[in-house]
Ligand code: C2E
Ligand code: CA
Ligand code: CA
């Protein structure tokens with residue numbers, strides 16, 4: 001799967017509700033922390049500002065004590081401290097109370113806090129110091145005009161924005177049972193005092209002074225603090241709501257986008273993208289590692305016809321129904337999607353191959369009557385995916401599984417059924433991949449091979465069976481690749497025919513044969529016509545005859561030395577164009593032959609219209625020896641027919657002497673077969689030409705000397721010499 005698609009998939013996955021809800025919760029926590037911090041900062045500022053001066057007063061007492069220590073009697077010192085009018089007590093190092101003044105209502109529990117009070121003088125920078133605090137056991141908050149008091153715990157609660165605290169009946173002014181209301185009802189200017197005890201070290205003996213102080217709070221402060229917190233609370237709530245609404249909106253949008261992204265436009269079901277991403281992810285997961293799977297490429301064969309006869313919309317409806325029916329047949333964790341056209345991808349689980357086959361056939365059976373009127377055909381290619389194992393043989397996750405490769409294998413398998421329109425099922429086998437790999441390698445190398453002149457022309461001579469004289473040759477291509485060695489044409493010509501590269505090969509062959517012929521003429525050889533195969537695909541080009549003429553002319557080769565072979569199947573294409581090309585070629589002086597006559601479909605009818613020079617009888621006629629009388633009848637009639645139409649005949653694939661004798665007897669003009677020679681490289685063919693010339697010369701000499709003998713009246717010798725010459 002390519003990176004771009006994976007990225008898109010990941011982006012869509014981010015829209016998963018769990019992720020978004022997680023983000024929302026995190027945001028809420030962050031917001032709460034932020035608000036909490038702000039609130040605590042405000043509170044500590046308030047407390048700080050209220051406690052600072054109280055603490056300084058106590059420090060003043062410790063300074064009095066320390067100045068008087070050693071100078072005055074203890075009682076005298078205490079008197080001095082008492083002047084301050086504060087409730088206090090002094091404890092020794094071990095916590096025993098040494099002296100106390102006023103009421104000791106301090107709680108035993110101690111709390112430490114940091115206090116940033118003004119150390120010395122109003123203008124000096126604040127400095128935080130750890131102080132020990134005790135709350136007052138009476139825990140009440142007094143107003144100065146003694147209207148009543150409020151429990152200090154309730155005050156703590158309001159600081160944290162609690163649910164409304166129930167009324168304490170000790171509150172004086174309003175009788176209202178709502179604490180918050182009571183706070184707001186207190187007259188502006190009313191000052192409340194919160195008792196608090198500070199502990200400070202005093203003297204040089206490790207004693208501690210614990211003195212009572214009051215935090216004086218203007219009650220109207222409570223009102224604005226409450227208002228502040230209330231608005232902060234409302235603000236936070238509004239923010240939560242906005243974030244939440246946006247989150248839900250985003251989620252819905254993402255879900256809709258994902259839906260569009262993964263929905264097939266024809267079936268409204270899942271599409272190929274979903275199959276690819278979801279299927280691959282699942283196959284690679286831990287949940288799937290122990291299961292075996294089948295990846296299926298299922299094709300609705302009659303779809304195009306159906307659309308032509310009905311409409312595209314009707315075709316879409318049918319696809320929708322097919323998708324529905326397939327999905328209804330799926331088990332848990334099995335998936336299906338339309339890929340393109342009338343092609344579906346299925347991911348099935350299986351344990352037993354035969355049961356799987358039966359199941360797929362059942363699906364095909366069900367689909368074959370999907371519209372209740374027609375009988376449709378479906379073809380399936382199946383790739384089986386077993387479990388993955390590590391080096392120790394333990395089942396592991398399919399880490400390297402690639403859905404595209406697997407599906408492609410299923411498609412390759414299905415393509416093997418494409419020759420028929422019938423329903424069918426095929427299982428993938430490794431040879432198919434090998435074939436596909438070879439096709440890829442050939443295609444990767446084709447251009448470079450032409451540029452590098454890796455394609456070589458081999459020549460297979462054609463002989464006259466009467467005289468054994470060389471009469472022609474067929475140029476056959478060989479690929480001598482530095483990578484693959486010698487490759488026969490059957491392994492690459494069909495590939496080039498499919499991908500169109502064959503036209504370049506045809507050009508290459510015409511040029512090289514013309515070049516060889518020209519070189520041989522220039523070297524003094526008695527050249528015979530060489531035929532070049534022209535692919536059927538090439539005949540759709542209008543100016544083919546001109547192209548060939550120009551290529552041959554470029555090499556300076558006489559046209560009569562080049563013959564062009566067209567395969568029989570080409571005669572089924574555009575007949576008019578074909579006839580026109582043949583006529584043009586012949587008018588330029590080239591010979592034209594029909595290759596493989598008798599293979600495949602009968603082209604007797606084509607013979608009627610085609611002005612051809614040569615008929616090449618297919619090798620199939622001569623396969624399996626010479627013991628087929630019916631075959632002999634067909635061959636002899638074909639030769640007779642060709643003669644009647646003024647065509648010469650070449651028999652291909654002749655391997656045994658009996659066939660040669662038979663063909664000679666029937667008047668076949670040439671034989672091209674292993675009996676005489678296999679296709680050979682140019683230099684070997686040169687040798688054949690030389691040999692042929694020597695033979696011809698020898699026969700001519702013998703004939704000439706025989707004629708001379710006749711001339712002098714020695715008749716018996718003449719017959720003997722002539723017979724010896726023709727036997728070669
Ligand atoms: P073809 O045109 O029918 O070529 C004749 C094939 O029969 C050659 O196979 C040749 O080697 C083989 N053959 C000849 N005599 C005998 C025999 O006695 N016994 C047997 N068993 N086989 C014999 P080759 O060279 O492998 O070529 C196969 C096919 O590849 C050719 O069939 C032709 O269709 C195609 N081809 C070869 N060269 C070219 C080319 O240059 N251009 C194009 N377009 N096609 C070519
Ligand atoms: Ca041929
Ligand atoms: Ca042939």
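FYI, it's all coordinate maths here, none of it is from the lab. Model, not experiment: these values are computed from the prediction. Neighbour counts are summed over all protein chains in view; Cβ atoms, including those assigned to glycine, are modelled from backbone coordinates with ideal geometry.
Could you calculate, for the range 452-703, the ratio of the Cα radius of gyration to the Kirkwood radius, expressed as Rg to Rh?
Radius of gyration relative to Kirkwood radius: 0.95.
Out of all DSSP beta bridges in the range 452-703, what portion is antiparallel? Express it as a percent rounded to 5.
Once the DSSP bridges in the range 452-703 are tallied, antiparallel ones form about 40 percent.
With r defined as the distance between the Cβ atoms of residue 575 and residue 402 and R0 fixed at 56 Å, what FRET efficiency is calculated, to the nearest 0.05?
0.75
Just to be sure I understand the model, the point goes 7 Å from the Cα along the line to the Cβ. What's the resulting residue 289 to residue 4 distance in nm?
In this crude label model, residue 289 to residue 4 measures out at 3.4 nm.
For residue 193 and residue 310, compute 0.36 nm times the residue count separating them, minus their Cα-Cα distance, and round to one decimal in nm.
So the extension gain works out to 32.8 nm.
Simple spin-label model, 7 Å along Cα-to-Cβ: residue 368 to residue 223 in nm?
So the label points at residue 368 and residue 223 sit 9.2 nm apart.
Please report the antiparallel percentage of the DSSP beta bridges confined to the range 250-387, to the nearest 5.
Just about 95 percent of them are antiparallel.
Grab the Cα-Cα distance for residue 259 and residue 646, subtract it from 0.36 nm times how many residues apart they are, and report the gain in nm with one decimal.
132.2 nm
Suppose R0 equals 22 Å. What FRET efficiency, 1/(1 + (r/R0)^6) with r the Cβ-Cβ distance, do residue 588 and residue 444 give to the nearest 0.05?
0.05
For the range 652-673, list residues with backbone N below 15 Å from a point placed 7 Å from the Cα of residue 466 toward its Cβ?
Counting only backbone N, you get 661-671.
What nm value, rounded to one decimal, do you get for the distance between residue 388 and residue 27 when each label is placed 7 Å out toward the C-beta?
According to this spin-label approximation, the distance is 3.7 nm.
Take peptides 495-503, 513-521 and line them up by average Cβ neighbours within 10 Å, highest first, as a rough protection proxy.
Ranked by mean Cβ neighbours within 10 Å, highest first: 513-521, 495-503.
If packing is taken as the average number of other Cβ atoms within 10 Å across a peptide's residues, how do 332-338, 66-72, 443-449, 387-393 rank, most packed first?
Ranking the peptides 332-338, 66-72, 443-449, 387-393 by packing returns 332-338, 443-449, 66-72, 387-393.
Suppose the chain between residue 324 and residue 436 were pulled fully straight at 0.36 nm per residue; how much longer would it get relative to their current alpha carbon spacing?
Contour length minus the Cα-Cα distance gives 37.0 nm.
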